[in-house]
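Below you'll find the structure, written out as structure tokens, and then a few comments.
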Amino acid sequence: MENCLKVVVLGGDTAGKTSLILVKTKHKFPYRRVHRLADPTIVRTRIDGKTYTFSVWDTKKIELCEQLHSPGPGHTTDVFMLCFAVDDRSAFQALTHKWLPQLKTRFPFVPVVLVACKVDLRSYPSVSTTNHVTYEEGNTVAEQHGSIYCETSALHAEGVTECFNLSVRYADLNLDKRDSPGALCSCIPSRSRSYLHVHMVRPPDIPPEFEILSSTFANDWLETLKDNKHCDVTCLLQGQEFDANQVILCSASGFFCRLFQTGKVFTSIPSPVASFTRDVVSRHSTIQIDGSISPEVFKLVLEFLYTGSVSELSTNDEKRDKAMDLINVARMFELIELKTICENVLNEREYLNPSLGSAVCDRTGERLKDLFLNCVDTSDVVFIVKGKRLYANKVVLSTRCDVMTRMFSGNFKESKSELTEIEIPNFTTESFLLFLEYLYSDHVNFENADVFEVLKIADMYCQTRLLTMCEYCVSRKAQSWTLRKRADLVFQVLLCVQPFNTVNLINWCLFELSKHTDKVRAHKDYGKLSEENRRAVEARGPLQGGRDKRPPHENHSHRKNCVIL
């Protein structure tokens, strides 16, 4: 059973706790003053490979928390987040001398996370920071009271997700202590670990989540670089040969793009290319790299062009020298981002490089689509869809799609001809072109698209990430349907997608239909549902486990004297 935790956020009126909650739950900062959130917000997240569901509770200003002297609240809470603003030293001192000791005394088995808010105020040049609470002060106080400390800026969305993840992990690690008999409130009966959490938030009330897989764009092209798939470029350097692909060199580098278009090098600094030749018949190009560049450094340049990152750089002396050499070569090839990555390594700011690499991959994908998709001159594959010809490249298709990898590398006829023609039945030109755009750029625009048809193509070619994106898009569009028509429309969606590997969307449809079980059973097409889906609908019933119901063993009389925080 997945963990359902209760997170209570404490703090003064000006601590910024409501903004902190809104940035985490709504992903937007309230630029106007907002009142305390009256209702808890349910959040589902994945931390360290484990799915958590937790409710976030806002509170009134901390002076009203004399209710903490009641024995009840702390034992229905899994973690306290005690917030203060870094520019309010008096509030910090009140936390230090009053509220932290009281929380730890009254609720020794409920973990407390000390949260510094508005840390962006420290960097404003127009604001005096002499009275601001420092990181060292906050961390010292947290250690003294056996808590953990984190800093956040809701305005810049910095540290917010990390703070909540840390709190949830901290609460989960303390569950065993919470279940010990000595830790329970005297007015609450002894209860098991599962009862302690499930009564707070019931899973049937929370729609299934759509977990979209991380991009594999960089890893796919790294495998192509290692395997030399469909290479059409040979780089010669100090007696060594490096195989590459024109589509990636041109898409990732303006220098190489100009080189392949004109056959000439235009640069005001010493050229890294000594000569360039191209065989018109075979379309194979040979590039002689200047001998002043070492093979080890040029190998890293190729890795950056294919993946947007380099893997063999660190801060030890030997690798630092390689980073310095790579900066010089990056200038010669006009690779500004590679130069920045090396400088970050030298300045011990490697944490900035992953986001920079993602941006490079996004740009490479967009240029790959713009330069080579549907380009007659550079294509070696033609898809014939409804009589219209769509031009593509084997190297891109085989890199990004395992099904097409087997098609172009086995004994199929598609792997033997120089210009392969493939007939695509049953799909429209627009939908299949959208699928090709995803393979080239790793992104897709569903506006004015037939999402169901793209979903079928993604399922046919085993593109799990695109399939989940389609499922999520369908569920989002369904939110705009009126309540009166939603049950019937969701039922039709379930009928359409049940033959495909759409587990997420099927579970979401079943969740929606469980609210209208009687109407669904009376539907004229109810018999068309698969046996498995019919059993799932019938087993769920109308809102089983809803918030309006309580477990039969929960007696409200036991809680009548408790104050719920």
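Quick one: in segment 440-470, which of the residues that are of a type in the set (A, V, I, L, M) and under 21 Å from the mean Cα position of the chain (by Cα) is surrounded by the fewest Cβ atoms within 10 Å (Cβ to Cβ)?
Taking segment 440-470 first, the residues of a type in the set (A, V, I, L, M) are 444, 449, 451, 454-455, 457-458, 460, 466-467, 469.
Filter once more, so that each one left must be under 21 Å from the mean Cα position of the chain (by Cα): 444, 455, 458, 466-467, 469.
Values: 444: 20, 455: 26, 458: 24, 466: 23, 467: 26, 469: 22.
Among those that are of a type in the set (A, V, I, L, M) and under 21 Å from the mean Cα position of the chain (by Cα), it is 444.
Consider only pairs whose beta carbons are under 9 Å apart and that are at least six residues apart or on different chains; among these, list those whose first residue lies in segment 266-286 and is farther than 11 Å from residue 235 by Cβ and whose second residue is modelled with pLDDT under 85.
So the pair list comes out as 271/265; 277/263; 278/263.
Can you name the residue in segment 1-39 that is under 21 Å from residue 175 (Cα atoms) and surrounded by 14 or more Cβ atoms within 10 Å (Cβ to Cβ) and, of all such residues, is modelled with the lowest pLDDT?
Quick first cut of segment 1-39, residues under 21 Å from residue 175 (Cα atoms) only: 1-10.
Right, trim to surrounded by 14 or more Cβ atoms within 10 Å (Cβ to Cβ) and you get 3-10.
Values: 3: 53, 4: 73, 5: 85, 6: 88, 7: 90, 8: 89, 9: 91, 10: 89.
For segment 1-39, the residue satisfying everything is 3.
Filtering segment 93-114 down to residues that are crowded, with 22+ Cβ neighbours inside 10 Å and within 34 Å of the chain's Cα centre (by Cα), which residue is modelled with the lowest pLDDT?
Looking at residues that are crowded, with 22+ Cβ neighbours inside 10 Å and within 34 Å of the chain's Cα centre (by Cα), I get 110.
Could you please give the count of residues in segment 245-263 that are in contact with a helix residue (DSSP H, G or I) (Cβ under 8 Å, 6 or more places away or on another chain) and either in a loop (DSSP other than H, G, I, E, B) or over 15 Å from residue 378 (Cβ atoms) (or both)?
Within segment 245-263, residues that are in contact with a helix residue (DSSP H, G or I) (Cβ under 8 Å, 6 or more places away or on another chain) and either in a loop (DSSP other than H, G, I, E, B) or over 15 Å from residue 378 (Cβ atoms) (or both) number 3.
Give 467, 455, 495 a once-over and let me know the one that is modelled with pLDDT of 85 or more, of a type outside the set (D, E, K, R), closer than 30 Å to residue 424 by Cα and assigned by TED's automatic domain parsing to the domain that holds residue 404.
On the way: 467 fails: assigned by TED's automatic domain parsing to the domain that holds residue 404; 495 fails: assigned by TED's automatic domain parsing to the domain that holds residue 404.
On inspection, the qualifying residue turns out to be 455.
Yes/no per residue for (1) at pLDDT 85 or above; (2) assigned to a loop (DSSP other than H, G, I, E, B); (3) of a type in the set (Phe, Trp, Tyr):
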position	(1), (2), (3)
305	yes, no, no
312	no, yes, no
319	no, no, no
322	no, no, no
334	yes, yes, no
338	yes, no, no
355	yes, no, no
360	yes, no, no
363	yes, no, no
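Would you list the strands (runs of 3 or more DSSP E) that sit entirely within segment 368-467 and hold 2 or more residues that are of a type outside the set (Asp, Glu) and in contact with an Asp or Glu (Cβ under 8 Å, 6 or more places away or on another chain)?
In segment 368-467, 381-385, 420-424 are the strands (runs of 3 or more DSSP E) which contain 2 or more residues that are of a type outside the set (Asp, Glu) and in contact with an Asp or Glu (Cβ under 8 Å, 6 or more places away or on another chain).
The values are calculated or read from the model by the stated rules, or taken from the named source; none is laboratory data. None of these values were measured; they are calculated from a predicted model. With ideal geometry, Cβ positions are generated from the backbone for all residues, glycine too; neighbour counts draw on all protein chains shown.
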